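Q: The structure follows.
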Amino acid sequence: MSFKIDNEKNACFVNINSTFAKKYDMKYTLVIKQGRDGFLIGQLKELPEVFTQGLSISELKENIADVLEMYLEDMREKYVPQGVMLDEEEMIFA
């Protein structure tokens, strides 16, 4: 895990592997910002629609891993191919 603090943007960038991402050897960058009432706000840099909050960095990382897994499951369920689908296969990106 690595940290990078950007004082201009008031953000901390953390490279993490979520439980789901480890299965696929994919890495995402968690951007952490200070929220209200002691909460930390986390958002994935590569998938900005994946975001959550937590009271600590460890809670935030657990929450973002859960949200990422739900997001990817939702995308798979909603996907409707256009045209005739010839094949479907899971791929591992390392």
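The values are calculated or read from the model by the stated rules, or taken from the named source; none is laboratory data. From a predicted model like this one, the values you see are computed outputs, not experimental measurements. Ideal geometry is used to build each Cβ from the backbone, glycine not excepted, and the neighbour counts take in all protein chains shown.
Q: Only one of (1) charged (D, E, K, R); (2) within 19 Å of residue 39 (Cβ to Cβ); (3) surrounded by 15 or more Cβ atoms within 10 Å (Cβ to Cβ); (4) under 13 Å from the mean Cα position of the chain (by Cα) is not met by residue 59, so which one is it?
A: Among (1) charged (D, E, K, R); (2) within 19 Å of residue 39 (Cβ to Cβ); (3) surrounded by 15 or more Cβ atoms within 10 Å (Cβ to Cβ); (4) under 13 Å from the mean Cα position of the chain (by Cα), residue 59 violates only (4).
Q: Could I ask something else about it? Could you please find all residues in the range 48-94 being within 13 Å of residue 28 (Cβ to Cβ), in a loop (DSSP other than H, G, I, E, B) and either of a type in the set (Asp, Glu) or touching a helix residue (DSSP H, G or I) at 6+ places or on another chain (Cβ under 7 Å) (or both)?
A: Result: 49, 50, 93.
Q: A further question follows. Can you pull out the residues in the range 26-47 that are over 9 Å from the mean Cα position of the chain (by Cα), at pLDDT 90 or above and outside any strand (DSSP E or B)?
A: 35, 36, 37, 38, 39
Q: Another one. For residues that are crowded, with 17+ Cβ neighbours inside 10 Å and of a type in the set (Val, Ile, Thr), scanning just the range 30-56, find the one that is farthest from residue 90 (Cα to Cα).
A: That would be 32.
Q: So how many residues does the range 26-51 have that are closer than 17 Å to residue 73 by Cα and of a type in the set (Ser, Thr, Tyr)?
A: Of the residues in that region, 1 qualify.
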